[in-house]
Structures are given as C-alpha cells and as structure tokens.
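The values are calculated or read from the model by the stated rules, or taken from the named source; none is laboratory data. A quick note: this is a predicted structure, and the numbers were derived from the prediction, not measured. Positions of Cβ are generated from backbone atoms using ideal geometry, with glycine treated the same way; all protein chains shown enter the neighbour counts.
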Amino acid sequence: MTRIKRPAVVAAGTGLLAAAGMLAALGPGTSGASSHREAPLIAGDPQADNTDLYAFTSPDAPDSVSLVANWHPFQEPNGGPNFYPFATDTRYNIKIDNDGDARADIVYRWTFRNEDRRGNKTFLYNNGPVRSLTDPTLLFRQRYTLQEVTRKGTRTLVKDAIAAPSNTGPASMPDYGTLRRQAVRQVAGGGRAYAGQADDSFFLDLRVFDLLYGANLKEVGQDTLRGYNVNTLALQVPKKALALKGNAGRNPVVGIWSTTERKGAVLGSRVGGYRQVSRLGNPLVNEVVSPAGLKGAFNRLDPAKDHTVKPLVDRVLKPEVPALIEKIYGVKAPATPRRDLSQIFLTGISKKSGGPIQADLNSQLLNKDVNPRKFTPAEMLRLNMAVPVSRQPNRLGVLAGDLQGFPNGRRLGDDVLDIGLQALEGAAQTGRLVPALANGDGVNGNESPFASTFPYVALPHNSAVNRAG
C-alpha cells in the first residue's frame, strides 16, 4: 500500500441534507437486510438474504470478469425434505455502475420457476440417484431466466436453464460435480452462467460479536461457516460488456452491488410490483458499520442516495469498531473523521478523490469518460479491471501489495475480515499492519479449496454440520 503523505479532504456527503422521506426510512419498520442474518427483518426471509458478493478478473479467462453472488445463508446440508430453492416471486440482481453516478447502468437479473412433480404422491426431493439435471428421479427442479437490463432495453442471455439442485446426500447425488458442470451455461454475447448450490465461500470467526473475541482474543480460529452451503449465482462476461462505452481500456473501473427484490406481500402488507429488500456491496458494511436502527434502511436504499443520509455517512467517518477495540484491548483508535474509510467505502481510491490514500486504484474517477461533476459517493464494491491477475495471490489483498485483491473487487480467497479490521484500525493510512491485531481472527482460508475454473466456488457439502458425539 502506498504510504500516506497528506491529510484527506473528501467530503463524502458530510453535511448533506437528509430529506424527510429518507429520515422516515431510518425507522425500525423498514424491510430487508443482508449478509448472514445481520439485520432483524431479513432473518425471517432467508431466500432473499443476500450474503456475499465477489468480483474479479477471471483467472482462466483474463479478458473477462467473474461476478459471484450468494443468497440464503447457513444451509445445513441435511435440511430436508424441502431443502433450499431460490424464491420464485423474486428478482435476484447484480448491478453495475460504470460512470460514477451510483446508478445502475447494467442490471443482470435472474428469475426462477419451479418444476415440482411430487404432488400428493411423495415427500421426497428425489426418489433415486440423480446423475443428470434431467434425470426423472429428480422430482423437484428449478429453471431460471437471466436477463441483461440497460437503458437500451432488456435482452435475454439465458432462457429456462436448469439450476443445480440442493445436494441431498451421497446416495442421492453420487457425483455432484457432474451436476455442477451440466448447470454451467453459455451466455449470449460471450461468457458463462451458473445457478445452484455451493459451499459458503466466506470464511471467518463470527465470535467477533462476543465482545470482540471474548475480550481477550482467545475466541479465534473457528470458521463459523464451515460446513454450511449457500445458493450461488455466478456470471462471467467480457470486460467490454461492463465498461463505460464498451471500452475497458479507457474506462476500466466499475462499481458493483447486488440486490433482492420481492414481489407482492412485504412485511404483511400488499405492495404493487417489486420492492428491494436486500442489498450488498462491500462485505461487512451492514454488520459492523451500520447501527441496528439503520440496517433495514441501508438495504432499501439505492446507492445514489447513500450520501444524503448523514447518520449513515457519519458512521463511516466515525466508525464504532475502533472505539470498541480501544476500550477492550487498549489499541488506540485512529483520529476521526476517517477520510480513508470514506475513500474505501464511498468514493473508491484515487488521487482525484482527495483523500489521505494517495494512490490510484479503483475509483470511477479514473475512467477517462466519466464526468467528475456527476460523480456520486456511494457504497459499492469497486473493481479496476485493468489490474492483471496476481501470479501469487495474497489473502490480505492490497494491504499486502497484491493490487488485484480486496478492496479492489473481491476474490473468493480474500480474507476480508482481517483486511477490514486492519483498515478500520488505520492500516490503509500508514501502509503497515497493526501488530497487535496481525493474527486477525485466526481463520485464513476456506475449509474447501476453490476451483481454478468458472464458477470457482467449492461444491456444496452433504454431511451434517453438527457431528458431535
């Protein structure tokens, strides 16, 4: 990381008006949240719960970008008889902003329908070994349509494809890898798509919520998500398909976030059309940046409105975690306001964004065809597609000098909890790790290896998480 040479001047929305309608959105009655049940309301709607988002230059196809988004956390593999389908009254979206105005220029949208042949005859998900997606022994399957939505209109990239099923066990699905390969589809215009179950790629020790690892750093080293599955949507597309004006050379930086939109009844009342109930860009933002009262509101917001909600912006400029670490462990918190975090979370990192991190990494202000006057600070995952694939990836990403890693996009192997903790403690300002927290949560990788080819995620587990006794 480039050493810091001067203080920041990024405004990042401080002092901007919070309109009356936006203030109303901060109340506890708002809908939705994301990221492993971190907000109260979404805990009751796991199919809509957006858990993690990844974006990186494809290691096996370097002219393309791979987008991976996960939903429905904490899937215990033995969760029959219904297991874990995608919702059918829902739009699952990955959105792209390439001109810096924090509004979606491209939306990749998945919708699902069921083929359920069980009826009143059986409770079984399958009544024999399933060796292919079209095997008649698979009694419940889902089909999906993938569309690309832009200002020019909507086009269908994949129509009525079969999603990979939940992994019901080794007797039922003796070779899930074959089902995975069958579920990878070619995409119109170039690229590939996948929908189905996978191992949860996120690795971390969630006992951070027990007074920051027990108030003595002894509660570390346990991968909380070990053995659990998620539902995964993955898409690989040419870089030019994402770039502003189709030119990834002149405009290599894109902002990315994912959302879930529910149709019909939301919180017990009828609403017309679809309503956003979940949103995710950078990891851990809604868990450890937003306070409880703002979590639902964050997930209803479009990124273009982030900078108008002063209480939310203030939580970036004066984060809670460093103060807690100072109180519990005596590690002095960096001085506020935190303009470095404003760069990381709201503007992207560039010299043009005026912050203390004097480096050009992943702000849309680096795009030659972006109008700086229309640039809008907003929380999203930002990726510079011009950064080449790392020959030796480092789990600490940019903090370790690996510029392809988080926060420049996010790879499956990036240790975002350790990176985020160091960033909150000021490592991005000093260019050095905080020694007292150098060991992080003690979980440095996923329990299952990731694949080297699309869709990269590990195969779903089929053994019980709880094997005690």
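Which one of VAL220, VAL158, VAL149 is outside any strand (DSSP E or B), of a type in the set (A, V, I, L, M) and touching a residue at least 24 places away in the same chain (Cβ under 8 Å)?
VAL220
Which numbered condition trips up ARG432, out of (1) surrounded by fewer than 19 Cβ atoms within 10 Å (Cβ to Cβ); (2) under 30 Å from GLY227 (Cβ atoms)?
Of the numbered conditions (1) surrounded by fewer than 19 Cβ atoms within 10 Å (Cβ to Cβ); (2) under 30 Å from GLY227 (Cβ atoms), the odd one out for ARG432 is (2).
Of all the residues that make up the range 161-183, how many are surrounded by 19 or more Cβ atoms within 10 Å (Cβ to Cβ), in a loop (DSSP other than H, G, I, E, B) and either at pLDDT below 95 or of a type in the set (A, V, I, L, M) (or both)?
Here the count works out to 3.
Condition first: buried (at least 21 other Cβ atoms within 10 Å of the Cβ), in contact with a helix residue (DSSP H, G or I) (Cβ under 9 Å, 6 or more places away or on another chain), at pLDDT 85 or above and assigned to a loop (DSSP other than H, G, I, E, B). Can you find one or more residues in the range 39-59 that meet it?
Yes, there is a match, as at least one residue in the range 39-59 is buried (at least 21 other Cβ atoms within 10 Å of the Cβ), in contact with a helix residue (DSSP H, G or I) (Cβ under 9 Å, 6 or more places away or on another chain), at pLDDT 85 or above and assigned to a loop (DSSP other than H, G, I, E, B).
Output the residues belonging to the range 411-465 that are free of Cβ contacts under 8 Å to residues at least 12 places away in the same chain and under 28 Å from GLU76 (Cα atoms).
The answer is PRO449, ALA451.
Taking the conditions exactly as written (among the aliphatic types (A, V, I, L, M) and either within 30 Å of ALA215 (Cα to Cα) or part of a helix (DSSP H, G or I) (or both)), does VAL321 satisfy them or not?
yes
When the residues of the range 80-116 are narrowed to those that are assigned to a strand (DSSP E or B) and basic (Lys, Arg), which ends up farthest from the chain's Cα centre (by Cα)?
Taking the range 80-116 and keeping what is assigned to a strand (DSSP E or B), we get 90-97, 106-116.
Those still in the list that are basic (Lys, Arg) too: 91, 95, 109, 113.
On the way: ARG91: 16, LYS95: 11, ARG109: 15, ARG113: 24 Å.
If we take residues in the range 80-116 being assigned to a strand (DSSP E or B) and basic (Lys, Arg), then ARG113 is farthest from the chain's Cα centre (by Cα).
So, in the range 335-358, exactly how many residues are in a loop (DSSP other than H, G, I, E, B) and either among the hydroxyl-bearing types (Ser, Thr, Tyr) or more than 17 Å from ASP105 (Cβ to Cβ) (or both)?
Going through the range 335-358 one residue at a time, the tally reaches 11.
Restricting to the range 60-69, give me the number of residues that are part of a strand (DSSP E or B), small (Gly, Ala, Ser) and within 13 Å of ARG192 (Cβ to Cβ).
Going through the range 60-69 one residue at a time, the tally reaches 2.
Could you please find all residues in the range 277-303 being more than 16 Å from ASP314 (Cβ to Cβ), at pLDDT below 85 and charged (D, E, K, R)?
GLU287
If we keep just the residues of the range 378-415 that are acidic (Asp, Glu) and more than 18 Å from THR347 (Cα to Cα), which is surrounded by the most Cβ atoms within 10 Å (Cβ to Cβ)?
Taking the candidates together, the pick is ASP414.
Can you find a residue that is part of a helix (DSSP H, G or I), among the small types (Gly, Ala, Ser), closer than 26 Å to SER66 by Cβ and touching an Asp or Glu at 6+ places or on another chain (Cβ under 8 Å) anywhere in the range 359-382?
Scanning the range 359-382 turns up no residue that is part of a helix (DSSP H, G or I), among the small types (Gly, Ala, Ser), closer than 26 Å to SER66 by Cβ and touching an Asp or Glu at 6+ places or on another chain (Cβ under 8 Å).
So, PRO449, is that one loosely packed, with under 15 Cβ neighbours inside 10 Å, at pLDDT 95 or above, out of contact with any Lys or Arg (no Cβ under 9 Å at 6 or more places or on another chain) and not small (Gly, Ala, Ser) or not?
Yes.
Quickly run through the range 339-387 and pick out the residues that are closer than 19 Å to VAL309 by Cα, touching a strand residue (DSSP E or B) at 6+ places or on another chain (Cβ under 8 Å) and small (Gly, Ala, Ser).
The answer is GLY348, ALA378.
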